[in-house]
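As structure tokens, the structure follows; a few thoughts come after it.
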Amino acid sequence: MAQPNPLTTPPPGADTQIVPGHTEHANSHTGAFPPFESSGFLAQLIWLALAFGLLYYLMDKIALPRIQAILHNRAERLRSDLDQAQAMKSEADAAGVAYETALSDAQAKARDIAQATRNDLAAEADDKRKSLEGDLNAKLAAAEATIRSRTEQAMGNVREIAGDTAAAIVERLTGQAPDRASLDRALDATAH
Amino acid sequence: MAVTIDPIHQFELKTLVPLGHIGSQQLAFTQSALYMFAAVGVIALITIVATASRAVVPGRMQALAEIFYEFMEDTLHQATGDGGKKFMPLVFSLFMFVLVLNLFGMIPYAFAVTSHLIITFGLAALVISVVVGYGVYKHGAHFFGLFVPSGVPKVLLGILVPIEVISFISRPISLSVRLFANMLAGHIAMKIFAFFVVQLLLAGAWSVLSPLPLFLTIALTALEFLVAALQAYVFATLTAIYLNDALHPGH
């Protein structure tokens, strides 16, 4: 600063950069407190009326209707967009439900088909098994019959051999051949 | 003191275009008038120029205009209900006008129009005349039922009616003085504290203390921005509340 010790050198108004002088008081008759300077009141009120009137006109006729319209449009837009989204969502939901039903139908059908196939196959296998068993049983029966007839035949042969042997033994012991009827009786008696 | 402080100088009207006299009244285009028209211009810029595109997705300025609009619409609706919509232009204009003028005052070297009582009084008088005018026009003599609290014994009315009348008359005064005094006091305080910085810097060894008022000045400046916005809001809110009396005069 220009003055190192201003407290001791006080030329009043020296620091004019702080106090920009009182030359502006040319307009005001007195040095009264400016906000209470009544000589400017009328002009201030007139300018206020003009400025505020202009502002009111601009706000009332242009600005506020426009902003209102903007906000209204946006709200409308949002609502229609939301409605559209809602409609799309319900559509998607319906599609989802349809898909679910189709899927469960298909699953049920597939299950049915699988079950039917399984049943068919089981029945077929059963039939095959039964016919095979029948065949086997028949063969078994035939085989048993063969065995039985062969056994009988063999047994018949045994009787004959036994008769022949018995006749031979009796002939050797008694020297005379036994008659056929008594031999049969004796064989029957021993067989049982 | 080497440096003399003049915190009042900032409130002086400066004649830009002298227009003559009417009696003792000086007619002139002052810087105050210039600031008022500048405020109208700024408000028009925000609310008209910036909204010209009517964008669904707003730009910054349009968003600002919309925020102000919705803010004032809310304020008005809360105070007056559905019937108050027709006063939206008035309340919005008042809010924007006072807000922009207050904020203009925060620009260094600028002039705070609202620090002049006659301006704030003019606005308050406008509000009260709209309240009375609309109240009488809409409700006739019933409007003056505003001064007669219901459900009060007749004996007490003799005391209460004058009180109500006085409280009603004090409204424009309090409305204007509140705004004026806030702006005036704030600007004087800022000027004084800012001046302390200079004064301490010039005081030799004491200059080490000069940051203190500097910080205070910074804090005060922030406070004054708050006050500038708050007083505009208070002015608009009180206007809405007074308008509610005109709309619904029953107590």
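Please treat every number below as a calculation from the coordinates, not as lab data. Just so it is clear, the model here is predicted, and its values are computed rather than measured. Cβ sites come from the backbone with ideal geometry, for glycine too, and all protein chains shown count toward neighbours.
Structural remarks
- Complete set of residues in the stretch A:155-192 that are outside any helix (DSSP H, G or I) and not charged (D, E, K, R): A:G175, A:Q176, A:A177, A:P178, A:H192
- Search result, residues across the stretch B:26-47 that are surrounded by 17 or more Cβ atoms within 10 Å (Cβ to Cβ), without any contact (Cβ under 8 Å) to a residue 12 or more places away in the chain and not small (G, A, S): B:Q26, B:L27
- Scanning the stretch A:41-70 for residues that are at the interface with chain B (Cβ under 7 Å from one of its Cβ atoms) and either within 42 Å of the chain's Cα centre (by Cα) or of a type in the set (V, I, T) (or both) turns up A:I62, A:I67, A:I70.
- Residue within the stretch B:159-169 that is touching a helix residue (DSSP H, G or I) at 6+ places or on another chain (Cβ under 8 Å) and under 19 Å from B:T120 (Cβ atoms) present: yes
Listed here are the residues, each with its yes/no results for (1) without any contact (Cβ under 8 Å) to a residue 24 or more places away in the chain; (2) small (G, A, S); (3) surrounded by fewer than 23 Cβ atoms within 10 Å (Cβ to Cβ); (4) closer than 20 Å to B:L175 by Cα.
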site	(1), (2), (3), (4)
B:I67	yes, no, yes, no
B:E70	yes, no, yes, no
B:T80	no, no, no, yes
B:K86	yes, no, yes, no
B:V91	no, no, no, yes
B:M96	no, no, no, yes
B:M106	no, no, yes, no
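- Across the stretch B:171-208, the number of residues qualifying as of a type in the set (F, W, Y) and facing chain A (nearest Cβ under 10 Å) comes to 3.
- When the criteria are applied in full, B:L13 meets the requirement of being within 7 Å of chain A (Cβ to nearest Cβ), under 25 Å from B:N182 (Cβ atoms) and surrounded by 14 or more Cβ atoms within 10 Å (Cβ to Cβ).
- Boolean, B:G41 is closer than 30 Å to B:K14 by Cβ and in contact with a His (Cβ under 9 Å, 6 or more places away or on another chain): no
- Some residue of the stretch B:177-196 being outside any helix (DSSP H, G or I), farther than 30 Å from B:H142 by Cβ and more than 17 Å from the chain's Cα centre (by Cα): no
- Just one of the listed residues (B:V208, B:V148, B:V198, B:V165) is over 19 Å from B:L90 (Cα atoms), in contact (Cβ under 8 Å) with a residue 40 or more places away in the chain, surrounded by fewer than 17 Cβ atoms within 10 Å (Cβ to Cβ) and among the aliphatic types (A, V, I, L, M), and it is B:V148.
- Qualifying positions in the stretch B:83-129 - farther than 19 Å from B:I46 by Cα and of a type in the set (V, I, T): B:V113, B:T114, B:I118, B:I119, B:T120, B:V127, B:I128
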